[in-house]
Each structure stands twice: as C-alpha cells, then as structure tokens.
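The values are calculated or read from the model by the stated rules, or taken from the named source; none is laboratory data. Keep in mind it's a predicted model, so treat the numbers as computed, not measured. For the accessible areas, the whole protein counts, side chains as well, though only heavy atoms, and no ligand, DNA or RNA atoms are used. Shrake-Rupley method; radii C 1.70, N 1.55, O 1.52, S 1.80 Å.
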Amino acid sequence: MAAMPASGATDNFTAVTAADKPAKKPNQAKQTKAPKPPTDKGSAESKPERDKRLIRECRGRPNAGACEGYAS
C-alpha cells in the first residue's frame, strides 16, 4: 500500500469565502396564534355555592326535582 505524500492532501483543498456561501434567506414572519378570548363565566354560581343554596332552600320540601338529595 502506498501512502499519499503530505503535499498531495492539501492539493484538493479549496477555501470557502463569504462570496461562495449561499445568501441567507430573509427572516420569515413567525406565525403566532391568535389570543383566546377570555371566557365569561357570568354570574354562574360555583358548585359549593349551589350545594349550600339547595340545602338552605330545600328544607322541609319533598325530596324530588332540584331538591333531590338536599331535602331533610
């Protein structure tokens, strides 16, 4: 097997200059997601508030309809 001379290894090397490099692509505008509109919960009551109201309102009423499980 023959070894390549040290000077032969540099014969195939070509320097890359800034002019040889391809031009950079212009920055594309990033697509952003539209902000979600705030959800309006309105005047709805929370579950604990509803439970307290039904317990209060359903005292002494028949255990049916909305009062099912809350009447005493």
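Tabulated data for the structure shown
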{"read-out": "Subset tally (residues that are hydrophobic (A, V, I, L, M, F, W, C) and either at positive phi or open to solvent by 60 Å² or more (accessible area, probe 1.4 Å) (or both)) for region 46-63", "value": "1"}
{"read-out": "Residue ID - modelled with the highest pLDDT, chosen from residues in region 37-62 that are hydrophobic (A, V, I, L, M, F, W, C) and part of a loop (DSSP other than H, G, I, E, B)", "value": "CYS58"}
